[in-house]
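Written out below as structure tokens is the structure these notes cover.
The values are calculated or read from the model by the stated rules, or taken from the named source; none is laboratory data. Every value quoted in this text rests on a predicted model; they were computed, and no experiment measured them. Positions of Cβ are backbone-derived with ideal geometry, glycine not excepted, and every protein chain shown enters the neighbour counts. Quick note on the areas: whole protein, heavy atoms, side chains included, nothing else; ligands and nucleic acids left out. Shrake-Rupley method; radii C 1.70, N 1.55, O 1.52, S 1.80 Å.
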Amino acid sequence: DAGITQSPRHKVTETGTPVTLRCHQTENHRYMYWYRQDPGHGLRLIHYSYGVKDTDKGEVSDGYSVSRSKTEDFLLTLESATSSQTSVYFCAIGIIRTDTQYFGPGTRLTVL
Amino acid sequence: GENVEQHPSTLSVQEGDSAVIKCTYSDSASNYFPWYKQELGKRPQLIIDIRSNVGEKKDQRIAVTLNKTAKHFSLHITETQPEDSAVYFCAASASQGGSEKLVFGKGTKLTVNP
């Protein structure tokens, strides 16, 4: 499982509240990614990081921000959650040598 | 940017038959093509990948083929078993020496009937 954990694994929140999801890795990988998965859309990239304090936007970044102050942690924040952000969120790490990505267990977020 | 189309969206086969899932991509600079398998409620798991300097790759009952000219690649599963039932995703990326962004297809739900 490439030493990736996500927390929380499940969360129910209300519209307008801030939410932060955490991705933690134990193997010192430089690249980390946040995806969301919705029925009929597959996996879509929200933000990614190529090092501490180095982040960039993905395909569906509106309404999300990220931070990476330590190599092992990549945080995804919904500043003001909306019902359209109800989804399953997956974190992934990237292996530079091989270009492969490995996913964390996911966080199921429900915004009421 | 890159766009990946995946077909079919659902596929039902009898146990022991072969299954083929096809993907097309738009960016000719893409050079890395992984396939992921996702069981219900689980994370996507990498099952096989191929790079643009290789036309075919096999791993036991699964194989991937790549046609760079036509910009499409396919996953082939032979002698299917009920445990192959899952959603399969293809992806493409243009690696430039780092771990680049993957663009995923929308997935194929494979059902293997006993």
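Among B:67, B:53, B:31, which one moves the most in a GNM of chain B with springs linking Cα atoms closer than 10 Å?
Result for chain B, Cα springs under 10 Å: B:53 fluctuates most.
How many Å² of accessible area per residue for the protein assembly as shown, probe 1.4 Å?
Ligands and nucleic acids excluded, the result is 48 Å² per residue.
How big is chain A by the Kirkwood estimate over distinct Cα pairs, in Å?
One decimal place: 13.8 Å for the Kirkwood radius.
Run the numbers on segment A:48-102 and let me know its relative contact order in percent, using alpha-carbon pairs under 8 Å that are six or more apart.
Relative contact order of segment A:48-102: 22 percent.
Considering only A:16, A:94, A:42, give the residue with the highest GNM mean-square fluctuation for chain A, with springs between Cα atoms whenever their separation is below 10 Å.
Maximum fluctuation in the GNM of chain A, among the listed residues, is at A:42.
Provide the percentage of antiparallel DSSP beta bridges, counting only those with both residues in segment B:1-112; round to the nearest 5.
That works out to approximately 90 percent antiparallel.
Can you give the mean number of other chain Cβ atoms that lie within 10 Å of the Cβ atoms in peptide A:39-45?
Average per residue, whole number: 6.
Quote the relative contact order of chain B in percent (integer), defining contacts as alpha-carbon pairs under 8 Å separated by 6+ residues.
Relative CO of chain B lands at 36 percent.
Residue B:71 to residue A:2: FRET efficiency via 1/(1 + (r/R0)^6), r the Cβ-Cβ distance, R0 30 Å, to the nearest 0.05?
Computed FRET efficiency for residue B:71 and residue A:2 comes out at 0.50.
Which whole-Hz ³J(HN,Hα) couplings does segment A:8-16 yield from phi under the Karplus relation 6.51 cos²θ - 1.76 cosθ + 1.60, θ = phi - 60°, glycine and proline marked x?
Calculated HN-Hα couplings, in order: x, 8, 9, 8, 10, 9, 9, 3, x Hz.
Leaving ligands, DNA and RNA out of it, work out the accessible area of residue A:103 with a 1.4 Å probe and give it in Å² to the nearest 10.
Approximately 10 Å² of residue A:103 is accessible to the 1.4 Å probe.
Do the alpha carbons of any pairs in A:53/B:37; A:70/B:42; B:37/B:106; B:42/B:106 sit beyond 24 Å of each other, and which pairs?
With Cα atoms farther than 24 Å apart: A:53/B:37; A:70/B:42.
First measure r as the distance between the Cβ atoms of residue B:3 and residue A:12, then evaluate 1/(1 + (r/R0)^6) with R0 = 35 Å and state the FRET efficiency to the nearest 0.05.
So, using R0 = 35 Å, E works out to roughly 0.55.
When Cβ neighbours within 10 Å are restricted to other protein chains, what is their mean count per residue of peptide A:92-100?
5
Shielding by partners for A:58-64, please: the mean number of other protein chain Cβ atoms within 10 Å of each residue's Cβ.
Mean partner shielding for this stretch: 1.
Amide H of residue B:26 versus every other amide H placed in the peptide plane: which residues, excluding those fewer than 5 positions away on the same chain, fall under 5 Å?
B:3
How fast does the protein assembly as shown diffuse by Stokes-Einstein, in µm²/s, taking the Kirkwood radius from C-alpha pairs at 25 °C and 0.890 mPa s?
136 µm²/s
Please find, in a Gaussian network model of chain B (springs between Cα atoms separated by less than 10 Å), the residue of B:103, B:54, B:87 whose mean-square fluctuation is greatest.
B:54
Compute log10 of I(q)/I(0) for segment B:4-87 with the Debye formula, placing one identical point scatterer on every Cα and leaving out solvent, at q = 0.17 Å⁻¹, to two decimals.
-0.71
Hey, how many Å between the Cα centroid of segment B:12-41 and the Cα centroid of segment A:47-89?
Between the Cα centre of segment B:12-41 and that of segment A:47-89, the gap is 27 Å.
Which value, in debye to the nearest 20, describes the size of the charge dipole of segment A:10-85 about its Cα centre when Lys and Arg Cβ atoms bear +1, Asp and Glu Cβ atoms bear -1, and nothing else is charged?
Result for segment A:10-85 is approximately 120 debye, rounded to the nearest 20.
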